[in-house]
1. Name the one entry in Arg86, Arg93, Arg114 that is of a type outside the set (S, T, N, Q) and closer than 28 Å to Thr15 by Cβ.
2. Within region 56-109, track down each residue that is outside any helix (DSSP H, G or I) and over 19 Å from Thr28 (Cβ atoms).
3. Tell me which of these Ala18 doesn't satisfy, since it passes every other one: (1) assigned to a helix (DSSP H, G or I); (2) over 11 Å from the mean Cα position of the chain (by Cα); (3) at pLDDT 95 or above.
4. Taking region 30-67, which residues are small (Gly, Ala, Ser) and either within 19 Å of Met109 (Cα to Cα) or surrounded by 14 or more Cβ atoms within 10 Å (Cβ to Cβ) (or both)?
5. Considering only region 23-65, how many residues are under 19 Å from Trp83 (Cβ atoms) and either modelled with pLDDT under 95 or more than 14 Å from the chain's Cα centre (by Cα) (or both)?
6. For region 48-96, which positions are over 18 Å from Tyr21 (Cβ atoms) and touching a residue at least 40 places away in the same chain (Cβ under 8 Å)?
Amino acid sequence: MSLKAYHQARSYSETPRAMEYRLFSDATRDLVRAVESGLTGVALMPALHRNREIWGVFSVLCRDEGNALPPTLRASIVSLAIWVDRHTSAVVRGKEQAADLIEVNRTIMAGLERQSELMLSVG
């Protein structure tokens, strides 16, 4: 099976929560690898940019009135996305650490994982 066919098949079978988890997992892995490699400031930009993009997309999706998530959860995600954006800029300037971004992503991933487990136990 070609790589393209694999990705296409995965996109058909992946639940929205599983896709969200995978996106956060990939971005978090990239951030961890960059930090463990000793990168700081501007050298972290590829990993930081990807993480910021993911949060930006989720922020836009949560601002959509048609989003089925509860309004308070949507507002919390938008607030976190704003924090991620500001914190990312501070990391690039050397004023903050990327570890905080990693921790937030891991917390979100844990919530997505719990939600998936609940859905499996009910379904």
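The values are calculated or read from the model by the stated rules, or taken from the named source; none is laboratory data. The shown structure was predicted, so the numbers you read here are calculated from the model rather than taken from an experiment. Neighbour counts are summed over all protein chains in view; Cβ atoms, including those assigned to glycine, are modelled from backbone coordinates with ideal geometry.
1. Within the list Arg86, Arg93, Arg114, the selection yields Arg114.
2. Keep residues of region 56-109 that are outside any helix (DSSP H, G or I), which gives 64-70, 93-98.
Within region 56-109, Asp64, Glu65, Gly66, Asn67, Ala68, Leu69, Pro70, Arg93, Gly94, Lys95 meet the criteria.
3. (3)
4. Ala34, Ala47, Gly56, Ser59
5. Result for region 23-65: 4.
6. Leu48, Thr88, Val91, Val92, Arg93, Gly94
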